[in-house]
Each structure stands twice: as structure tokens, then as C-alpha cells.
1. Taking the alpha-carbon centroid of each part, what is the distance from region 132-169 to region 173-199 in angstrom?
2. List CYS16, CYS54 from most exposed to least, where exposure is judged by having the fewest other Cβ atoms within 10 Å.
3. Any idea what the relative contact order of region 1-52 is, in percent, if you count C-alpha pairs under 8 Å spaced at least 6 apart?
4. Any idea what the relative contact order of the chain is, in percent, if you count C-alpha pairs under 8 Å spaced at least 6 apart?
5. In 10 Å bins starting at 0, how do the alpha-carbon pair distances of the chain split up by percent?
6. If you place +1 on the Cβ of every Lys and Arg and -1 on the Cβ of every Asp and Glu, how big does the dipole about the Cα centre of region 3-224 come out, in debye to the nearest 20?
7. Compute the distance in nm between two label points, each set 7 Å from the Cα along the Cα-to-Cβ direction, one at LYS197 and one at PHE36.
8. What ranking, highest mean first, results for peptides 147-159, 131-143 when packing means the other Cβ atoms within 10 Å averaged over each residue?
Amino acid sequence: MYRIDSVVVSAYRTNCYALTNEGGTIIVDPGDQASFLQRWTQDLDVIGIVLTHCHCDHIGAVNELVAQHGCWVACGAADVAGTRDLHLSGFDAEGIDYVVDHVDRPLKEGDVIEWGSDRLEVIDSPGHTQGHICLIDRANSILFSGDMLFAGTIGRTDFPGGDQALMASSCAKLAEVAQDLRVLPGHGPATTLAAEKAQLTHWARVLCPREVAQDTARNDELRLS
């Protein structure tokens, strides 16, 4: 089992995780404050960076850590372009010209990240962005949920690339996971999948286009009756 260290970075208070075992360290979502994260990781053998999605508060220190450690970078395949697009990443709204220099490993559903004796399975979970991913460690019952799932709520879909229908599908997918998992999100406190199952089921229904259309039709009927 790897050791999990975390630190909060950026004005958006992003959780950045360092996962360390005998095979080295993987960093999840190095969002900002590059010089601080370089100091934080200076004694670690960082072999890779995994991005749950392409937003600026999750990618803003990638290039600097790659320069320091010579590590690979991975993210969801559908978000690779977003790491180099100022509008999709949100850097344009911040007035910052920053793009990730390169992504070495585009990830898709079912891909496995292995290092040392541990492994993380990729779950496609679009909605917050087109290529958002979660990382599930089934052996140790841990889910790194990025900005898809938080304690008591889910990720927004009103940013460029967001999609309510995709978020509904992602919520339904996580709600169907039978194993209880400790959830380590991109922002805020940890939670458990069991604690969030009810809201996942709720949002899967509420955000589903068919349900929205049916609710609208029912409301129209009530207004006309």
C-alpha cells in the first residue's frame, strides 16, 4: 500500500495528492504554486503525474514538476487537447498564458496505472469536462474522484466542455459500484462512496435529458390543466 500525502494549493483550494511506494511517487492534480510543490516533492522520486481533468486549478504546476523530476504526464484522452487550450482549461479567465507542454499517456476507461506493487484503474467520468477521469484502487478501496464527486455534491457542468447528460451517466456509473470506497476528491474533505450513493442516484436522474424532458412535459400539463 502506498503512502498518501496531500496538500492544498491554489486560490481554489485544490487537493494535490502524492502517492508513494517502493516504486516511486505519483502526483495527482498538481494545480498551482509550482515553486511550493517543487519544494514539497524535492525528496520524492516522482515518476509520474496524473491529471483528473484539464482545468487550470489542477494542471498549473505540471511543467515545472516535469522539469524537476523528468516524469511522465497522463490524463483522460478527451482532455489532452484541453491541457493546451486556454479556454477549456480556464486559464484565459485567469489572465494566465499557461499550457501543459506534453501529455505522454492519454488514458481511457479500463486503463491501469501500475507502479511498485500498486495499481490504479481509470474510470471515464465525463461531465465536469469531456475527458474527466476518476482513479479507483480496488485493492485498498480508494477512489480519487477529482471534480466529479465531492462530499455532499458533484462537479459543475457550466464550464466550457461541461455536459449535464454526461454527468448524469457518470453519476449513474459510480452509483452502481458495489464496493464501498474512501473518496478523496479534488476539493474539500474526504468522504465515502456509501455516503454519497443517494446523491449520485439523485443527480443521475435529475440531470438525465429524458427525465428533464419528462419533468418539463409534466409541468406544462399542470399549467394547462
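Just so it is clear, none of the values below were taken in a lab; they were calculated from the coordinates. These numbers come from a predicted model, not from an experiment. Every residue, glycine as well, gets a Cβ built from its backbone with ideal geometry; the counts of neighbours run over all protein chains shown.
1. Value for the Cα centre distance between the two parts: 10 Å.
2. Neighbour counts put them in this order, fewest first: CYS16, CYS54.
3. 30 percent
4. 14 percent
5. 8, 34, 35, 15, 5, 2, 0
6. About 560 debye.
7. Taking the two extended label points, one gets 3.7 nm.
8. 131-143, 147-159
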